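Shown next, in structure tokens, is the structure this report addresses.
The values are calculated or read from the model by the stated rules, or taken from the named source; none is laboratory data. Model, not experiment: these values are computed from the prediction. Methodologically, a virtual Cβ is constructed for each residue, glycine included, from the backbone with ideal geometry; neighbour enumeration extends over all protein chains shown. Note: areas computed on protein heavy atoms with side chains; ligands, DNA, RNA excluded. Shrake-Rupley method; radii C 1.70, N 1.55, O 1.52, S 1.80 Å.
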Amino acid sequence: QVQLVESGGGLVQAGGSLRLSCAASRSIFSADIMGWYRQAPGKQRELVATITSGGGSNYADSVKSRFTISRDNAKNTVYLQMNSLKPADTAVYYCNMGLWGKYYWGQGTQVTVSS
């Protein structure tokens, strides 16, 4: 079993920045993929960004050039740097880890962007 704990969410004005962290209870070195997803009220959960074990990243079109995903295997942590935030980015952000065919989720952290 893997526990993922997100942190770093909060309230920020449009144009501001936040950095989310996702700390895993075990080594992420072997994780095939790690990612961030978000879910806004009344909407389905959607992919924000992913990063593979080799460091390759993928982003939703809506966040390209504004968000950056990174991983620190030594700290068992994945980050999401979010810049130029918009009210449309308001959501609960979830961390996801793919390991040996199983997928694990964190509890989420709320990000609210005011206009």
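Some observations on this one:
- Of all residues in the stretch 84-102, those satisfying the criterion of being outside any loop (DSSP other than H, G, I, E, B) and either surrounded by 14 or more Cβ atoms within 10 Å (Cβ to Cβ) or modelled with pLDDT under 95 (or both) are 89, 91, 92, 93, 94, 95, 96, 97, 98, 99, 102.
- The residues of the stretch 19-37 that are open to solvent by 30 Å² or more (accessible area, probe 1.4 Å) and either more than 19 Å from residue 100 (Cα to Cα) or β-branched (Val, Ile, Thr) (or both), listed by number, are 19, 33, 37.
- The lone exception for residue 48 - which of (1) within 15 Å of residue 8 (Cα to Cα); (2) touching a Phe, Trp or Tyr at 6+ places or on another chain (Cβ under 9 Å); (3) among the β-branched types (Val, Ile, Thr) it fails: (1)
- Filtered residue count, the stretch 1-42, keeping only those that are touching a strand residue (DSSP E or B) at 6+ places or on another chain (Cβ under 9 Å), among the hydrophobic types (A, V, I, L, M, F, W, C) and closer than 14 Å to residue 53 by Cβ: 5
- For the stretch 1-29, residues that are under 28 Å from residue 114 (Cα atoms) and not in a strand (DSSP E or B) total 6.
- Condition broken by residue 61, with the remaining ones in (1) open to solvent by 20 Å² or more (accessible area, probe 1.4 Å); (2) closer than 15 Å to residue 112 by Cα satisfied: (2)
Here's the yes/no breakdown for (1) in a loop (DSSP other than H, G, I, E, B); (2) more than 12 Å from the chain's Cα centre (by Cα); (3) without any contact (Cβ under 8 Å) to a residue 24 or more places away in the chain:
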position: 31; (1), (2), (3): yes, yes, no
position: 35; (1), (2), (3): no, no, no
position: 38; (1), (2), (3): no, no, no
position: 47; (1), (2), (3): no, no, yes
position: 51; (1), (2), (3): no, no, no
position: 55; (1), (2), (3): yes, yes, yes
position: 61; (1), (2), (3): yes, yes, yes
position: 64; (1), (2), (3): yes, yes, yes
position: 69; (1), (2), (3): no, no, no
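- Taken over the stretch 1-18, the criterion of being of a type in the set (A, V, I, L, M) and at pLDDT 95 or above is satisfied by 4, 5, 11, 12, 14, 18.
- Of the numbered criteria (1) under 26 Å from residue 1 (Cα atoms); (2) hydrophobic (A, V, I, L, M, F, W, C); (3) assigned to a strand (DSSP E or B), the one residue 111 fails is (1).
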